[in-house]
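The block underneath contains the structure these notes are about, expressed in structure tokens.
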Amino acid sequence: MTPERQEANGIAARSHFRPQIALIGFALMAVLCPPVAPPGLAPVFAATTERVVTNRYSGLAIEGFDPLAYFVDHRPELGLPEFEAAQGGAVWRFRNEGNRASFVAHPDVYGPQFGGYDPVDLARGVTVAGSPMFWLIAGDRLYLFGREETRDAFAANPAPYAKEAKARWPSLEDQLAQ
């Protein structure tokens, strides 16, 4: 074999292993340096520091969903910027003036219980923000949940979770920012 051919074979053999080395390098990076959530997208299990669950950039409570829509339309509906109200340190949006007026008159009735925190996690002693997409009306009150699994557990037997969450809420609420 000529020296040129030997050199070409050596280069080919070495370049054949380079993708494998890169793959091993990426695998090591994934294990040693796990990805971090981008700003504004907190992990689902993160504790929060607000008394009412709000978007930290917009200040909107429950991501701008109308809390009365859960009662009236039986589904989450986004509120509109022209129908806003400030309550509890957050800005709430509504689909119409009637929903806004009802909420302002009775925020404790129509607002999500425990400021929008997951009652199952509150019963465990931690504050996990509820999602407007995982919701349930139980006992004429709106509850938001951080995960579908906690909503399903609550729906199967709400009384013990609600009782324990209610008992723990005052101390947990005191720990949240004012």
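The values are calculated or read from the model by the stated rules, or taken from the named source; none is laboratory data. Note that this is a predicted model, so its numbers are computed, not measured. Cβ placement follows ideal geometry from the backbone for every residue including glycine, while neighbour counts extend to all protein chains displayed.
Summed over the stretch 123-178, the residues that are buried (at least 19 other Cβ atoms within 10 Å of the Cβ), in contact (Cβ under 8 Å) with a residue 60 or more places away in the chain and not in a strand (DSSP E or B) give a count of 3. Only residues that are buried (at least 19 other Cβ atoms within 10 Å of the Cβ) and either in contact with a Ser or Thr (Cβ under 8 Å, 6 or more places away or on another chain) or of a type in the set (Val, Ile, Thr) (or both): list them for the stretch 106-117, please. Passing the criteria: 110, 117. On the given criteria, is residue 152 under 24 Å from residue 64 (Cβ atoms) and either charged (D, E, K, R) or in the same structural domain as residue 68 (by TED's automatic domain parsing) (or both)? Against the criterion (under 24 Å from residue 64 (Cβ atoms) and either charged (D, E, K, R) or in the same structural domain as residue 68 (by TED's automatic domain parsing) (or both)), residue 152 does not qualify. Could you please find all residues in the stretch 95-119 being more than 16 Å from residue 162 (Cβ to Cβ) and touching a residue at least 12 places away in the same chain (Cβ under 8 Å)? Scanning the stretch 95-119 gives 95, 96, 97, 99, 100, 102, 103, 104, 107, 110.
Inside the stretch 67-102, residues that are of a type in the set (Ser, Thr, Tyr) and closer than 19 Å to residue 134 by Cβ make up a count of 1.
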